[in-house]
Amino acid sequence: MPPVSEASEELGSRILLETARFRVWDDRVGPGETQQLHIHRRPYLAVVISGERAETVLDDGSVERRYEDIVPGGAHFFGPDQLPFTHALRNTGSTEVAVVIIEFLD
């Protein structure tokens, strides 16, 4: 993993929608792939679209959390008390992991 100074501000593959109050990211990680290291600076909501298994990898390469049974439709809120948070998502399953991230700008 690259050092924190190289963490991207891009939270996903592309922006689906952006307003003055929020930004909606499309994030997809193929089987066996690890996304780029990125940093969350603002509260966000992650909504799972698809996937089987994944793990959160920290900037030092250690595994912070394993997700063994991803549930499509599951939602996870990350508030100001959990930020900043630098990590990457590694897909440990056999199907694509797709997540919509809603980043709150204000």
Residues in region 80-106 that are over 23 Å from Thr19 (Cβ atoms) and part of a loop (DSSP other than H, G, I, E, B) total 5
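Considering region 4-19 alone, what residues qualify as being outside any strand (DSSP E or B), open to solvent by less than 90 Å² (accessible area, probe 1.4 Å) and either farther than 24 Å from Asp81 by Cβ or at pLDDT 95 or above (or both)? So that I can check it myself, show each step before the final result.
Just the residues of region 4-19 that are outside any strand (DSSP E or B), to begin with: 4-7, 9-13, 19.
Narrowing further to those that are open to solvent by less than 90 Å² (accessible area, probe 1.4 Å): 4, 7, 11-13, 19.
If the condition is that a residue be outside any strand (DSSP E or B), open to solvent by less than 90 Å² (accessible area, probe 1.4 Å) and either farther than 24 Å from Asp81 by Cβ or at pLDDT 95 or above (or both), then Ser13, Thr19 are the ones that fit.
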Would region 66-85 turn up any residue that is acidic (Asp, Glu), under 18 Å from Gly12 (Cα atoms) and either modelled with pLDDT of 95 or more or in contact with a strand residue (DSSP E or B) (Cβ under 6 Å, 6 or more places away or on another chain) (or both)?
no
Check whether at least one residue in region 61-79 is in a strand (DSSP E or B) and β-branched (Val, Ile, Thr), and report yes or no.
yes
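Can you say whether Ile49 is in contact with a helix residue (DSSP H, G or I) (Cβ under 9 Å, 6 or more places away or on another chain), in a strand (DSSP E or B) and not hydroxyl-bearing (Ser, Thr, Tyr), as far as the supplied structure shows?
On the way: in contact with a helix residue (DSSP H, G or I) (Cβ under 9 Å, 6 or more places away or on another chain): no; in a strand (DSSP E or B): yes; not hydroxyl-bearing (Ser, Thr, Tyr): yes.
For Ile49, the condition - in contact with a helix residue (DSSP H, G or I) (Cβ under 9 Å, 6 or more places away or on another chain), in a strand (DSSP E or B) and not hydroxyl-bearing (Ser, Thr, Tyr) - is not met.
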Out of the residues in region 20-62 meeting the condition of being over 15 Å from the mean Cα position of the chain (by Cα) and either exposed (fewer than 14 other Cβ atoms within 10 Å of the Cβ) or among the aliphatic types (A, V, I, L, M) (or both), tell me which one is farthest from Gly73 (Cα to Cα).
Asp60
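The values are calculated or read from the model by the stated rules, or taken from the named source; none is laboratory data. None of these values were measured; they are calculated from a predicted model. Virtual Cβ from ideal backbone geometry, glycine too; neighbours counted across all protein chains shown. All accessible areas refer to the heavy atoms of the entire protein, side chains included, with ligands and DNA or RNA removed. Shrake-Rupley method; radii C 1.70, N 1.55, O 1.52, S 1.80 Å.
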